[in-house]
Number of protein chains: 2
Amino acid sequence: MTLDAVLSRIDTDLTGATDRLMELMRIQSISTDPDFAEHCQTAADWLVADLQSMGVDASKRPTPGHPMVIGHVDGDGPHLLFYGHYDVQPVDPLELWDRDPFDPELQETPAGTVIRGRGSSDDKGQLMTFVEACRAWKEVHGSLPCKITFFFEGEEESGSPSLIPFMKENADELRADVALICDTGMFESRVPSIVTMLRGLLGEEIHIKAADKDLHSGMYGGISMNPIRVLSKILAGLHDDTGRITVPGFYDGVTELPDDIRAQWQGLAFDHAAFLGDVDLSHPAGEQDRTPLEMIWSRPTCDVNGIWGGYTGNGFKTVLPSEAHAKVSFRLVGDQDPHAIRESFRAYVTEQLPPDVEATFTGHGTGQASVTETTDPKFEAARKALSDEWGISAAYVGCGGSIPIAGHFQEILDMTPMLIGFGRDDDQIHSPNEKYDLESFHKGIRSWARVLDAFCS
Amino acid sequence: MTLDAVLSRIDTDLTGATDRLMELMRIQSISTDPDFAEHCQTAADWLVADLQSMGVDASKRPTPGHPMVIGHVDGDGPHLLFYGHYDVQPVDPLELWDRDPFDPELQETPAGTVIRGRGSSDDKGQLMTFVEACRAWKEVHGSLPCKITFFFEGEEESGSPSLIPFMKENADELRADVALICDTGMFESRVPSIVTMLRGLLGEEIHIKAADKDLHSGMYGGISMNPIRVLSKILAGLHDDTGRITVPGFYDGVTELPDDIRAQWQGLAFDHAAFLGDVDLSHPAGEQDRTPLEMIWSRPTCDVNGIWGGYTGNGFKTVLPSEAHAKVSFRLVGDQDPHAIRESFRAYVTEQLPPDVEATFTGHGTGQASVTETTDPKFEAARKALSDEWGISAAYVGCGGSIPIAGHFQEILDMTPMLIGFGRDDDQIHSPNEKYDLESFHKGIRSWARVLDAFCS
């Protein structure tokens, strides 16, 4: 009855676990904005102290950016590594939040109790599911079930610039039998899932400049090139009428879906109408010859994530701006090379510039797409553990998001990544009013206890 | 020697006049931003007090927006009305100013002394040229030379929403023989000019909405329509490859330049390379079959004055935004109907929307283009006065800017507008580091003294 005692302890301590998560959520660890660097330090310190309170040999490890948190527990059986990230997305537009994003609370909703606040789902809540499972195990048994390494990052939401160097420098310390990663969701918010296919990411920022100062559109309008006009034309041309991306060479390395995966995905009977309906949309807007699941899991995409230029305040100003800017990201699949695409994209933009107009670029994070083999028997063991907890058969799925860490574990440490998470489609991660279902948190903790039991017993 | 005494008084009192202008410039009368409404009241109060100090029967007159300032002085001879505006443009981007925009100072530059600060040229400095000419006249002669009405507005930079109703309600009080308007510049910064052709203006704000909330581009990217993509495509299509505007019916009412005006403009030998070179441009970017002077004076234009959507802060955020926005303005000529173009533009945008995407609009100010006849002998008298002051033959010119007030004087009050101003191309009105040459201010005051003398002697 080893497992039952742990599960029971988890049930009893749910309020304590929720309180601890909220304590972590109150720390404003936005990694992408330098103004919040101190808060990232605070979050790392909090995690070190929490791990130490469980007897873990934990420490904060400096990087050129935000620190890593590493913890070790020795033991018999397999060596598991668990990865999560303590940094969160920015919170703007702040006026769309119903409450302070960093003052979390439990809220009753028609769909059940939720933990509301920035990081509740991505990724503090998910990270803590594993920590709380370990805490319960330790409290029941006095020790953890096997050798475990905890690895928490603070730069995931800003492209993980320190991650690869850190993994390379600390490869011997980090290498384990499997890398458990909790930063994904459940298929259609109900099927517990192990993600085996992840899209990569490439971020670029374009700066278009025409005149050397803002001009008055009455005096200069008509004779002077408007950089917003130039930028709009470039962005408008990124997709053709069928939804294909027009950057030369962009589709190099994109592979077609194997027949068995295609068949399995058809079996999932994805309800894209409901998926889109949840956010008040109805028409799949990607490549028109692809299925909706392909659009989000196995096809590359291009999106403008931000655009700005000229006067954007109240009222009107007849300015002809000097500059216009956009943030553009690409989701990548298969063997697409993010570096080659970056070069091609920059050349593509530059070639379209009219006379007098310059473009400069700021590169943001890159990550290659990854596909995981499921031959290790731990995959079937984990799938059974998840199925037992949730009462529904767990699935191997794709994920449209980019979790470059998965590929790094494969390439740098030769470890198999196993992505298990309990997020739901309506968690509003990266958006105002982010939440994590209390059920996801509770059953997530229980799921990890079952996985530990399955791996280590 | 009447005039000489006044000119001499102007020369003697230049420091006093500059101090008074700077006092007015310190008032942050930004009309387009509701946060600055109190400052507009303060500026109006300042002007009322200043006019009263000269014996003018002046008062602040409420409107639904910012107040008007009206002043009357009785006298013989012609009845002149002088119009100026005391409101100024917003000051962002603030970081591009070399000093506080509302803390003006005299600065020495290679081109001479300038008065630096918001409103120095547009329009507080220009407005005060006429006021100071009157002050000098009054101090020398004890009274003004003829019947004068002062009419100062505080909403010019935000589309003058209260102007037409105010003119209609107070038509009998405002009607005079001629409307002197000081809100324009000198041709190529050196030729004193009377503007007889003005472009009209239409402002529109577009709001594009797709999903009902911001989404994560990993989860939704590819399957969900991105409103920035939609907006970019619409804006990119506003001009065809030859620079023509594509909104249906846009060119209805656009007239070709009469041969005599075309010949006169050719005589001006406009140095468009220098005009563009001043702002680090070299290629005329408007309709490719038009001359540069046509592009800025007699052809209609379309410019995006501002664009925003998604994440625009530091770093990167893989958000798929719910909304995207743009401010678009059109400069109009001839008999183009701004209301018809507004309707056509909205239909044009709406027709291009893909499924799931909505557009809403906020209308901003409109003003019809205007062309003034110069048959009234006052025009030649004013042209001679300007030529005498500046030592160079003054010209009748066009102006790319929109000063709808000119058309309103014609249409509502049946008055002839006469636009005389002393701005220079490098005044950076509507931009950071706005300035007004001290020479413009000084000789501008002297010019008005000469005009008063020519009209009233």
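The values are calculated or read from the model by the stated rules, or taken from the named source; none is laboratory data. In this text the structure is predicted, and so the values were computed from the model without any measurement. When we count neighbours, we look across all protein chains shown, and the Cβ atoms used for this are built from the backbone with ideal geometry, even at glycine.
Quick notes on this structure:
- Only listed residue being within 25 Å of A:Q264 (Cα to Cα) and in a helix (DSSP H, G or I), chosen from A:S402, A:S447: A:S447
- Among the residues of the range A:432-444, just one is in a loop (DSSP other than H, G, I, E, B) and crowded, with 24+ Cβ neighbours inside 10 Å, namely A:E434.
- Apart from one condition, A:A43 fits all of (1) touching a Leu at 6+ places or on another chain (Cβ under 7 Å); (2) part of a strand (DSSP E or B); (3) aliphatic (A, V, I, L, M); the exception is (2).
- Restricted to the range A:394-411, and to residues there that are more than 14 Å from chain B (Cβ to nearest Cβ) and under 20 Å from A:L80 (Cβ atoms), the residue that is surrounded by the fewest Cβ atoms within 10 Å (Cβ to Cβ) is A:E411.
- One residue stands out in the range B:427-457 among those that are touching a Lys or Arg at 6+ places or on another chain (Cβ under 8 Å) and within 11 Å of chain A (Cβ to nearest Cβ): the one that is farthest from B:S160 (Cα to Cα), namely B:N433.
- Scanning the range A:399-421 for residues that are in contact with a Gly (Cβ under 6 Å, 6 or more places away or on another chain), more than 13 Å from A:L180 (Cα to Cα) and not hydroxyl-bearing (S, T, Y) returns A:G400, A:G401, A:P404.
- Test result for A:L51, surrounded by fewer than 24 Cβ atoms within 10 Å (Cβ to Cβ) and not in a loop (DSSP other than H, G, I, E, B): yes
- Being more than 11 Å from every other protein chain (Cβ to nearest Cβ), without any contact (Cβ under 8 Å) to a residue 40 or more places away in the chain and either surrounded by fewer than 18 Cβ atoms within 10 Å (Cβ to Cβ) or farther than 21 Å from B:S232 by Cα (or both) is not true of A:T360.
- Here the range A:181-224 is the region considered, the condition is being more than 24 Å from A:F441 (Cβ to Cβ) and charged (D, E, K, R), and the residue that is surrounded by the most Cβ atoms within 10 Å (Cβ to Cβ) is A:R199.
- Looking across the range A:412-426 at every residue that is more than 19 Å from the chain's Cα centre (by Cα) and either in a helix (DSSP H, G or I) or within 14 Å of another protein chain (Cβ to nearest Cβ) (or both), the one that is farthest from A:T15 (Cα to Cα) is identified as A:I412.
- Note on the range B:218-249: among residues that are assigned to a strand (DSSP E or B) and in contact with a Cys (Cβ under 9 Å, 6 or more places away or on another chain), the one that is nearest to the other protein chains (Cβ to nearest Cβ) is B:G221.
- Scanning the range B:250-292 for residues that are in a loop (DSSP other than H, G, I, E, B), in contact (Cβ under 8 Å) with a residue 40 or more places away in the chain and among the polar types (S, T, N, Q) turns up B:T255, B:Q288.
- Within the range A:54-73, the residues that satisfy the criterion of being in a loop (DSSP other than H, G, I, E, B) and not small (G, A, S) are A:M54, A:V56, A:P62, A:T63, A:P64, A:H66, A:P67.
- Test for B:L81: is it surrounded by fewer than 21 Cβ atoms within 10 Å (Cβ to Cβ), in a strand (DSSP E or B) and in contact (Cβ under 8 Å) with a residue 24 or more places away in the chain: no
- Flag if A:A37 is assigned by TED's automatic domain parsing to the domain that holds A:F422 and in contact (Cβ under 8 Å) with a residue 60 or more places away in the chain: no
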